[in-house]
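Participant: Pasting in a structure now, in structure tokens, and then I'll have a few things to ask.
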Amino acid sequence: MGEICVTLTDIEGSVVEIEDGAEGETLMELARRHDVKGIIAECGGACSCATCHLYIDAAWSAAVGTPDPVEEDMLDMVEDIRRPTSRLSCQITLHPGLDGLIAEVAPEL
Amino acid sequence: MTIVRDAANDDTQARPGPEGEDARLVEEATLLDPVVHKQPRRFYAAMRKLDPVHYDAALDMYLVSRWEDIQTVQRDPLTFSVNKGYHTQQAKGFAEEFQQILREKGGGYFPDAIMSDPPYHTRVRKLMESAFTAHRVKDLEPRIEAVVDGLLAELADKGAMDAVTDFAQPLTIRIICEQLGLDWSIKDRIARWSTAVTAQIGRMQDREEMLGHAAQICELQRYLIAKMREREADPREDMISDIVHARDGEGEGSVLTFEEAVSLIRALLIAGNETTATALSNLVLILATEPAVAEMLRASADDDRLMNRFVEELLRIEPPVRGLSRMTTKEVELGGRMLPEGAHLLLLYASANDEPEIFPEPRRFDMERKNIMKHVSFGGGVHKCVGLALARMEIKVAARLLVRKFADVRLAIAEEDIAYLPTVATRSMESLPVTFTLND
């Protein structure tokens, strides 16, 4: 299993370099494993709470892709903190194409 | 798309009253008082202003009324224990006798495995989460539509219904029966069992009522245990089979114990219908009393985005859960007050949802709130409602189909005569008679 690196800016502005992302795990699970501040994931990855919300770096947005309709429903309801590259990290499954991914954790709800 | 709520729940109830009156309310009122219990918003507003973590002596609990403090509690499940809070609340005053009855006649006393603290809770919760993802619930939408359609068709010719017992409860019971793999014919018993289980954290039952409720819970447990035995031997495509056979990893703790499984299936059955039924009853009440909201719903029925927002705002403005408990595991400061170890807390969700600094004009039904999901009606933190996606879907489908089929929904009793179940755990109407006509 290849190791996937991601760089996340947490809710306090600290940059967290993670180097052991595993193919098939979600970005939320990886962030939780490293206690990245601001990724709370209250619903446990069910796409039902928007507490694992992050902003994908513009350069990575195409590689990550756009939210499906169920995720879109959630993002619509956090309009006050939504940005064009907003995604819920529980809906992003890691693969080698995302090695080097950069994203910023959105403020709490 | 906004309107101001009128009638009994008018906007002023979310705001504090005159200074002296508020001080007197905070000093003298209790959530157990029948008048406060029925219309608590003014009491909540007074507490938020004067004493946000207020000791209610009659209840022997601290009432947590501000959004920020509720959030602090929810984000720290080790300091603020659900296990101690919930199980201290359960059958309070009669706990020993209650547990003894269940052991003798109900197959055992099974503490609620999900009402526990991390790390134990993490393991149990994980075994339940996969059943409830938003994507899995999305697949259920056609089935939920069929159930709601069938129910509305049965009611259509009558021109009148009890929104609680003819509509809301049968709907949610039918869905959870299908999910669990239970026979829908037991619906009347499930309604009774739900009341009995909820009453245990409601703090408003006397001993005689406790004995009646305990007998109901014994019957419920014996029924579920028999169903579990069937599924152990003969697994099917349903959630009882899923739980009985659930496995996460290998070795110790990878499967649920029998006691845990009984408690989880019991929790799914009760929580899966009681609170959602309350939300559906609230939906009918708001349609019957606020024509502008009914109009808003009609205009939104064909737009999924607007329907999602309608559901969320309905949950914010009238949360089904009144208050759930926590207990401090150490001395801690909350909202400017030092709490001792062992302080018993009740989190008042409706109060947090009424905070004007977070939700401007909180009594206004406003589907376009930019922070619409900030309400705490599903709780929060590791204990956030596990069934929230299913609840949202049931309410959305019911609201959409109801407003398409029925028109001119009106109360058949005076609004001030609506009675609420005697419990501090939920704000549930006992009955809601309405009349209606049919759309062409």
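Participant: Taking the stated definitions as given, is residue B:398 within 14 Å of chain A (Cβ to nearest Cβ), surrounded by 23 or more Cβ atoms within 10 Å (Cβ to Cβ) and of a type in the set (A, V, I, L, M)? Before you say what the answer is, go through the steps one by one.
Facilitator: On the way: within 14 Å of chain A (Cβ to nearest Cβ): no; surrounded by 23 or more Cβ atoms within 10 Å (Cβ to Cβ): yes; of a type in the set (A, V, I, L, M): yes.
Criteria not met by residue B:398.
Participant: A further question on this structure: Restricting to region B:154-211, name every residue that is of a type in the set (Val, Ile, Thr) and either over 21 Å from residue B:426 (Cβ atoms) or touching a Cys at 6+ places or on another chain (Cβ under 7 Å) (or both). Outline the logic, then answer.
Facilitator: First, the residues of region B:154-211 that are of a type in the set (Val, Ile, Thr): B:164-165, B:172-173, B:175-176, B:186, B:190, B:195, B:197-198, B:201.
B:186, the sole residue that qualifies.
Participant: Restricting to region B:69-82, name every residue that is in contact with a Pro (Cβ under 8 Å, 6 or more places away or on another chain) and away from chain A (no Cβ under 14 Å).
Facilitator: B:69, B:78, listed by residue number.
Participant: Please determine, by comparing only the residues of region B:349-393 that are more than 14 Å from every other protein chain (Cβ to nearest Cβ) and not acidic (Asp, Glu), which one is nearest to residue B:82 (Cα to Cα).
Facilitator: B:349
Participant: Given the conditions (1) touching a residue at least 60 places away in the same chain (Cβ under 8 Å); (2) closer than 25 Å to residue B:190 by Cα; (3) in contact with a strand residue (DSSP E or B) (Cβ under 9 Å, 6 or more places away or on another chain), which single one is not true for residue B:288?
Facilitator: (2)
Participant: Quick one: which residue in B:209, B:219 is modelled with pLDDT of 95 or more, surrounded by fewer than 19 Cβ atoms within 10 Å (Cβ to Cβ) and within 23 Å of residue B:321 (Cβ to Cβ)?
Facilitator: Numbers: B:219 fails: within 23 Å of residue B:321 (Cβ to Cβ).
Only one candidate qualifies: B:209.
Participant: Quick one: is residue B:354 within 24 Å of residue A:80 (Cβ to Cβ) and surrounded by fewer than 16 Cβ atoms within 10 Å (Cβ to Cβ)? Write out each step before concluding.
Facilitator: On the way: within 24 Å of residue A:80 (Cβ to Cβ): yes; surrounded by fewer than 16 Cβ atoms within 10 Å (Cβ to Cβ): no.
No.
Participant: Give the residue that is nearest to residue B:253 (Cα to Cα), with candidates limited to residues of region B:97-143 that are aromatic (Phe, Trp, Tyr) and in a helix (DSSP H, G or I).
Facilitator: Kept after step one, since they are aromatic (Phe, Trp, Tyr), are these residues of region B:97-143: B:98, B:109-110, B:120, B:132.
Filter once more, keeping what is in a helix (DSSP H, G or I): B:98, B:120, B:132.
On the way: B:98: 28, B:120: 9, B:132: 22 Å.
Result: B:120.
Participant: Let me ask something else about it. Tally up the residues in region B:128-154 that are loosely packed, with under 14 Cβ neighbours inside 10 Å and of a type in the set (S, T, N, Q), please.
Facilitator: Looking only at that region, the number is 0.
Participant: OK, next. Going through region B:156-183 one residue at a time, which ones are part of a helix (DSSP H, G or I), surrounded by fewer than 19 Cβ atoms within 10 Å (Cβ to Cβ) and of a type in the set (A, V, I, L, M)?
Facilitator: B:156
Participant: Only one of A:45, A:38, A:97 is small (Gly, Ala, Ser) and over 12 Å from the mean Cα position of the chain (by Cα); which? I'd like the intermediate steps shown before the answer.
Facilitator: On the way: A:45 fails: over 12 Å from the mean Cα position of the chain (by Cα); A:38 fails: over 12 Å from the mean Cα position of the chain (by Cα).
From the options A:45, A:38, A:97, the qualifying one is A:97.
Participant: Among the listed residues B:48, B:125, B:66, B:42, which satisfies the condition of being within 14 Å of chain A (Cβ to nearest Cβ) and either surrounded by 15 or more Cβ atoms within 10 Å (Cβ to Cβ) or not small (Gly, Ala, Ser) (or both)? Walk me through it before giving the result.
Facilitator: On the way: B:48 fails: within 14 Å of chain A (Cβ to nearest Cβ); B:66 fails: within 14 Å of chain A (Cβ to nearest Cβ); B:42 fails: within 14 Å of chain A (Cβ to nearest Cβ).
It is B:125.
Participant: Just give me the residues in region B:184-240 being in a helix (DSSP H, G or I), within 19 Å of the chain's Cα centre (by Cα) and among the polar types (S, T, N, Q), in sequence order.
Facilitator: B:194, B:195, B:198 - these are the residues of region B:184-240 that are in a helix (DSSP H, G or I), within 19 Å of the chain's Cα centre (by Cα) and among the polar types (S, T, N, Q).
Participant: Right, another one. Of the residues in region B:69-80, how many are surrounded by 22 or more Cβ atoms within 10 Å (Cβ to Cβ) and not in a helix (DSSP H, G or I)?
Facilitator: Summing the residues that are surrounded by 22 or more Cβ atoms within 10 Å (Cβ to Cβ) and not in a helix (DSSP H, G or I) in region B:69-80 gives 1.
Participant: Okay, next question. On the basis of being β-branched (Val, Ile, Thr), surrounded by fewer than 14 Cβ atoms within 10 Å (Cβ to Cβ) and under 30 Å from residue B:209 (Cα atoms), does residue B:418 make the cut? Please lay out each step first, then the result.
Facilitator: Details: β-branched (Val, Ile, Thr): yes; surrounded by fewer than 14 Cβ atoms within 10 Å (Cβ to Cβ): no; under 30 Å from residue B:209 (Cα atoms): yes.
In short, no.
Participant: Also, quick follow-up: Of the residues that make up region B:109-117, is at least one among the β-branched types (Val, Ile, Thr), under 20 Å from residue B:383 (Cα atoms) and away from chain A (no Cβ under 14 Å)?
Facilitator: Going through region B:109-117, the residues among the β-branched types (Val, Ile, Thr) turn out to be B:114.
The next check asks that each one be under 20 Å from residue B:383 (Cα atoms); those that pass are B:114.
Checking which are away from chain A (no Cβ under 14 Å) leaves us with none.
No, because not a single residue in region B:109-117 is among the β-branched types (Val, Ile, Thr), under 20 Å from residue B:383 (Cα atoms) and away from chain A (no Cβ under 14 Å).
The values are calculated or read from the model by the stated rules, or taken from the named source; none is laboratory data. Note that the coordinates shown come from a computational prediction; the quantities given were computed from them, not determined experimentally. Heads up, the Cβs are rebuilt from the backbone with ideal geometry, glycines too, and the neighbour counts pull from every protein chain shown.
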